[in-house]
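Taking it in order: structure first as structure tokens, then the write-up.
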Amino acid sequence: MKHRRGFNPLERMSAHRKALHRSMVTSLFNYERIKTTRAKALAVRRTAEKLITRAKEDSVHNRRIASGRLYDEGVVHKLFTVIGPRMKERAGGYTRIIKLGERYGDAAEMVILELVDYVLKTDEVENRKVRKAEKKAARKKDADSEEGK
């Protein structure tokens, strides 16, 4: 039975589990979107939402608690100056889990854990494709002119 089991230990020792939470939450706040397994995402989501709730009110006490839970001071700054104010009007539910399917090697269920207001920058991807195509065309043009000599 699962009665009174407060959290998923993820089959890790406590120090390893805390380090995992710290690194994944730091990555989530840094990139605003991470790909992981469903079990880890559900565990990390609790930690991330508690930190975002703290970040909604910028105080020295809240900053110290957040910096104790995160690895990077730059991410702490981003959490309190960018992410916290963005979530100010929200009462909770700051993250979203999108299912991707099973991983090929071990059939673990993979998901994307992202902040709710994350917007995928598709124009950036398209610009990269256009630049890559232009470079390829320029190289081909150079190679053709070299052969002509």
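Convex hull volume per residue, computed on the Cα atoms of the stretch 49-140, equals 182 Å³. As a ratio to 2.2 N^0.38 Å, the alpha-carbon radius of gyration for the stretch 1-94 is 1.10.
Put a dot 7 Å past the Cα of Ala19, heading toward its Cβ, do the same for Asp106, and the two dots end up 1.7 nm apart. Ranked by how many other Cβ atoms sit within 10 Å of their own Cβ, fewest first, the residues Met24, Met1, Met110 fall in the order Met1, Met110, Met24.
A simple spin-label model places pseudo-atoms 7 Å from Cα toward Cβ; at Glu89 and Ala138 they are separated by 4.4 nm.
Each peptide in 117-127, 26-36, 92-102 receives the mean, over its residues, of other Cβ atoms within 10 Å, and ordering these scores from highest gives 26-36, 92-102, 117-127.
Here Ser67 and Phe7 are evaluated by their C-beta separation; at R0 = 25 Å the FRET efficiency comes out at 0.65. Between the stretch 1-71 and the stretch 78-136, the C-alpha centres lie 17 angstrom from each other.
Read-outs throughout are calculated quantities, based only on the coordinates presented, and are distinct from any laboratory measurement. The model shown is predicted, which means the values in this text are computed figures rather than measured ones. Here the Cβ is made from the backbone with ideal geometry for all residues, glycine too, and neighbour counts use every protein chain on show.
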